[in-house]
Amino acid sequence: MMEGLGHFLSSGHHVAVTWDNTSTPDLLQEFVSQVQAAVTSAGKVSVENVERLLLSAHTDSRFDIILLGLVPGSVAVHNSDVLAEVARILKPGGTVIIQEPVDLQAAHDVLLRSPARLSSALTLAGFTGVTQLLQEPLTSQQIGSIRKPLGYSGSEMAAIRIAAKKPNFEVGSTRQLVLAKRPVEGKPSVDPAAVKLWTLSASDMNDTDGDLLDSDELLDQEDLKKPLPSSLQKSGCGEGSEKKRKACKNCTCGLAEELEEEKSNIITPKSAPSACGNCYLGDAFRCASCPYLGMPAFKPGEKVLLNPSQLQDS
């Protein structure tokens, strides 16, 4: 039963063993006892029905080794969900050993993988170092257990055992990459004379023998003259009559600010003075059209508020 498994199991390992309904209780108990003896009392063996593995409450990275379908008589076919769950509960660097029936011709039922498809399924689940350990024929009882539930009609069947490892890192972990500096092959060589020509030294930066140009000497008298504002105006800016000049949209020549300043400097005409100058004296001295008729006399300059009822049309 333990053929080829001895070098995978060590003292202190936490091992998970899966079984299915095609395995008898006696064979399962005997197999678990052999695994427990291999890991000694310092190790631990957990037994789980493969159909209920997805419902278990195993924590992440719990087991050192997981044995799938290795109980004698087992013909379990492990789907991608089971393989993904195994990758979750297996420790980084841990080993999974899987055994299941395969179709050697891969020309019949798609539910029965070929050896290559089983290896690919393990790789897609995230395992590395996928290695086939052995291949053995199936018994007539095992063949009967496969054909009935799967509807398999082929005869080229066998059981293969494959070992694979989980990568030595946790999902979501980060690690800084160390990039070795290697010379670029085929990189053209540079002429040392050209490198020296385009290299500035400290003496070059403090060179006092070189002729320096004064930037003011590059300007003539015409460049120093202040331009007229009208010459800076955009085409269409300020067009219109002299009294109604208008700045163009998004004016940048300053005309918009100039017109705005002119508007703010317009003097607001003062309110016309009283016709008779006697509004504050009372009704006896007021005109017939005085808005203060009916109101008491007030001091000159005092602000007087009219009653709203007096403003209504009678």
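Using 0.36 nm times the number of residues separating Leu219 and Arg88, minus their current alpha carbon distance, what extension gain do you get?
The span from Leu219 to Arg88 would gain 39.5 nm if fully extended.
Determine how many Å³ per residue the convex hull of the Cα atoms of the range 14-165 encloses.
Convex hull volume per residue, Cα atoms: 108 Å³.
Sorting check: for 281-287, 11-17, 27-33, which peptide has the highest mean count of neighbouring beta carbons within 10 Å, and how do the rest follow?
Order by mean packing, descending: 11-17, 27-33, 281-287.
If you stretched the chain out fully between Leu27 and Cys287, how much longer would it get, using 0.36 nm times the residue separation minus the C-alpha to C-alpha distance?
So the extension gain works out to 80.8 nm.
With 19 Å as the limit, write out which pairs from Lys225/Lys249; Lys44/Lys91; Lys226/Lys263 have Cα-Cα distances beyond it, or answer none.
Lys225/Lys249; Lys226/Lys263
With labels modelled as points extended 7 Å from the Cα through the Cβ direction, what inter-label distance (nm, one decimal) is found for Lys263 paired with Ser46?
8.0
Could you list Thr199, Thr139 in order of exposure, starting from the residue whose Cβ has the fewest other Cβ atoms within 10 Å?
Taking fewest neighbouring Cβ atoms as first place, the list is Thr199, Thr139.
Taken together, the values in this text are just the output of simple stated rules run on the coordinates, not laboratory data. These figures come from a predicted structure and were not determined experimentally. Ideal geometry is used to build each Cβ from the backbone, glycine not excepted, and the neighbour counts take in all protein chains shown.
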